[in-house]
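Remarks on the structure that follows.
No value in this document is a laboratory result; all are computed from the given coordinates. Note that the structure is predicted; figures quoted are calculated from it, not measured. When we count neighbours, we look across all protein chains shown, and the Cβ atoms used for this are built from the backbone with ideal geometry, even at glycine.
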Ligand code: NIG
Ligand code: FE
C-alpha cells in the first residue's frame, strides 16, 4: 500500500522517484475518509473492534493505490472521429485535418446538434468506464460548443455529472478551443464573444471552476489568451491552459503570468519554458495519450524533472487526439515513451494531477483525513508491475467515498 504521513500538495524533481509504501498493511476507511493505516503487526485492538455493518476486505497478495486523478479531459462529446484516425494513418497531420473542417470543428458540429440528455448519457458511460479503470477524480472541459448556447449546454451536462457521479469532477470553460467556421478571418470577434458574452454567462450560472484557452500555432495567440485569461480571472476562474503542443507558442509563459494551475501538453519545452515554470506555482502537465495517438514529439520530461520541476500526467480523453481515459495505460506510456520510472509515473497520475485540479488537500494519496478514494489491484508482484503489464486490467476493487463501486 502506498501512503503519506505528511500532506504534500505536489511532488517535484528527484522526489518524484520516491513512493512511501507499507508492506503487509491495514487501512481503515470511515464513512468517506481515510482514518488510519499501518503495519499489520502493529495493529491496535480498537481498529479490529468492528460494528456489524463494517466490512473487511482481505487484500492478501494485492496492492492498494490512491485512485488516479485525471486532471485534463474533454469527455463530454458527441459521436466519435475514427474517420480522422484513418486520415492520420494515411499521413495527414492534426493541423491539416483541422484545416479541412475536421478536428475540433467536426466535434463542434455534432455537439451542437446533440441533445443535452444524449450528451449526458454518453459521458456517463465514459465516466463509468474510467471509474472501473481506477480514476477517482476527473476534470472535464467544455470547448466543443463554440457558441454561447452550446458551451453552456456542455457545462450544464458537466454540472449534472458532478451531482450524479461518485467521483470528484471539476469543470473547465474552454470556449477558446478553436475558431468556429463562421468566424474565419474574424478571430478577434470570436475572442470578443468569449469575453463579453460567454464568460459572464458561464459565471452567472456558476458552471465552471477553471478557464482554458488553446494557445498554440493556428489556434489562439498569446494576445488572445492574455485577454481571455484576464477576463476569466475577473470572474474567479483560474486558468488551466493548453500550451506548446504544436510550437513554442508562448503558452507556458502566459499561463505562468496568470498563475495558471496547470499548463498542459508541452511537447515544445525548452530552457525558457523550464525557467518560467521553475519560478511558478503552475503544474506542468503531460498528455502522453495525445502524443502517442498523434505520433508527436515527446516532451523532454526527464530534463524537466532534473531541473526540479514536478510533472503531472493526464489522459486528455477526447474523440480526436486521445480516445481513452485509461490512466494505467497513460502511466505505461509515461514510462515507455518519456522514460519515467514507475514511481514517478504514479506520483504524476495521483498527487500531481490532484494539484492540477486544486484537490491535492483531499485526494491524490493515501493520507489521514483524505477522501476514501482508492483501488485494490488483482494479485501483483510489485508496484512496477502496474505500468509494465501495460494492457492488462489489474484493477480489482474500486472504492469511492468509502463505498465499493466496482
Ligand atoms: O487536447 N489540443 C487541443 N484540444 C484537444 C483535441 C481535441 C480534439 O481534437 O477534438 C487536445 O488534444
Ligand atoms: Fe486537451
Requested in this report: Could you give me the percent of Cα pairs per 10 Å distance bin for region 195-348, shortest bin first, beginning at zero and ending with the bin that holds the maximum distance?
Outcome: 12, 40, 35, 12, 1
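Just round it to a whole percent: the fraction of Cα-Cα distances in region 155-236 exceeding 20 Å.
35 percent
Ranked highest first by the average count of other Cβ atoms within 10 Å around their residues, in what order do 131-141, 23-33, 213-223 fall? It would help to have the intermediate numbers written out before the result.
On the way: 131-141: 25.9, 23-33: 15.2, 213-223: 21.8.
Sorting 131-141, 23-33, 213-223 by mean packing, highest first, produces 131-141, 213-223, 23-33.
Seen from all sides and averaged, what is the projected area of the convex hull of the Cα atoms in region 68-355, in nm²?
13.1 nm²
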Query raised in the report: Once both axes come from the Cα atoms, what is the angle between helix 116-132 and the longest principal axis of the chain, in degrees from 0 to 90, rounded to 10?
Result: 40 degrees
Requested in this report: Order these peptides, 374-384, 329-339, 69-79, by their mean beta-carbon neighbour count within 10 angstrom, highest first.
Outcome: 69-79, 329-339, 374-384
**Report entry** Helix-only [θ]222 nm of the chain, DSSP H runs n ≥ 4, -39500 (n - 2.57) each, per residue, nearest 500
**Finding:** -10000 deg cm²/dmol
Report summary line: Given 250-258, 225-233, the highest-first ranking by average Cβ count within 10 Å works out to 250-258, 225-233
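Please work out the FRET efficiency for the pair residue 384 and residue 33, using the Cβ-Cβ distance as r and a Förster radius of 30 Å; give the result to the nearest 0.05.
About 0.55, to the nearest 0.05.
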Report task. Could you check how many percent of all C-alpha pairs in region 48-165 are farther apart than 20 Å? Result -> 57 percent
**Report entry** Whole-number D in µm²/s for region 161-204 (Stokes-Einstein; Kirkwood sum over Cα pairs; 37 °C, 0.692 mPa s)
**Finding:** 266 µm²/s
